[in-house]
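This report concerns only the one structure given below.
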Amino acid sequence: YLLKFFSFLYLFFVETNNWFYEKGIRKSYKSKKRLINVGNLVWAGTAKTSLVIYLATKLKNKFRVACILKGYAPDEYQLVKEKTADIFEAKNRLSLIKRLEDKFDVFILDDCF
């Protein structure tokens, strides 16, 4: 019963958030650049960071690529920094993307969902 309660609570917050977007209370932002979101809701240790590194190394020959991490794990930051050129940490990734849009073609977001 406890899990059922939490699932209804989660559904309430998701539906309320969607309603705010539909009514224009919360605004969405459409970037002019490509965004690649790597992540999932809850699972750690599923090779998300490795995928970010792979994508960045494959795309950096054709595009100006920026990797954006949330900043939870310093070891992830260091690993991505060693393998890719441009890496940033930000809790508020939207404001960072807005500031960097003129400098990069592709943004790869690690742990974005």
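The values are calculated or read from the model by the stated rules, or taken from the named source; none is laboratory data. Quick caveat, the model's predicted, so the values are computed rather than measured. A quick note on method: Cβ atoms are made from the backbone with ideal geometry, for glycine too, and the neighbour counts reach across all protein chains shown. Accessible surface is based on the protein model in full, side chains and every heavy atom, while ligands, DNA and RNA are left aside. Shrake-Rupley method; radii C 1.70, N 1.55, O 1.52, S 1.80 Å.
With each label modelled as a point 7 angstrom along the Cα→C-beta vector, the W19-E82 pair spans 4.9 nm. Accessible surface area normalised per residue over the chain is 74 Å², counting heavy atoms of protein chains with a 1.4 Å rolling probe.
Helices in the chain that qualify as membrane-span-like (whole DSSP H runs, Cα extent of at least 20 Å along the helix axis, mean Kyte-Doolittle hydropathy of -1.0 or higher) are 2-22.
Annotation: extensible slack from Y10 through D105 equals 30.7 nm (criterion: 0.36 nm per residue apart, minus Cα-Cα distance). With 20 Å as the limit on Cα-Cα distance, the pairs of K30/K60; K33/K103; K33/K83; K4/K48 that go past it are K30/K60; K33/K83; K4/K48.
Given 4 °C and 1.567 mPa s, compute D for the chain with the Stokes-Einstein relation, Rh being the Kirkwood radius over Cα pairs; round to the nearest whole µm²/s. Mind showing how you got there, number by number?
Values: Rh = 15.7 Å.
The estimated diffusion coefficient comes to 82 µm²/s.
Straight-line cross-link partners of K62 among the aspartates and glutamates, defined as a Cα under 12 Å from its Cα and at least 8 positions apart when in the same chain: D105.
Might you report the magnitude of the Cβ-based charge dipole of the chain about its Cα centre, with Lys and Arg at +1 and Asp and Glu at -1, to the nearest 20 debye? Numbers along the way, then the final one.
Values: 21 positive and 12 negative charges, 98 e Å.
Once rounded to the nearest 20, the dipole reads 460 debye.
Does region 1-65 come out rounded, prolate or oblate, given a ≥ b ≥ c as the square roots of the eigenvalues of its C-alpha gyration tensor, rounded meaning a/c under 1.5 and, failing that, prolate meaning a/b above b/c? Oblate is the answer for region 1-65, as a/c is 1.5 or above yet b/c matches or exceeds a/b.
Are there trypsin sites (Lys or Arg not before Pro) in region 6-113 that DSSP marks as loop and that have at most 10 other Cβ atoms within 10 Å, and which are they? Don't skip to the end; give the middle numbers.
Working: sites: K23, R26, K27, K30, K32, K33, R34, K48, K58, K60, K62, R64, K70, K81, K83, K91, R93, K98, R99, K103; in loops: K23, R26, K27, K30, K32, K33, K60, K62, R64, K70, K91, K103.
Loop-located and lightly packed - K23, K27, K30, K32, K62, K91, K103.
In this label model, N61 and K32 are separated by 2.8 nm, measuring between points 7 Å along each Cα→Cβ vector. Surface composition of the chain: carbon and sulfur atoms hold 59% of the protein heavy-atom accessible area at a 1.4 Å probe.
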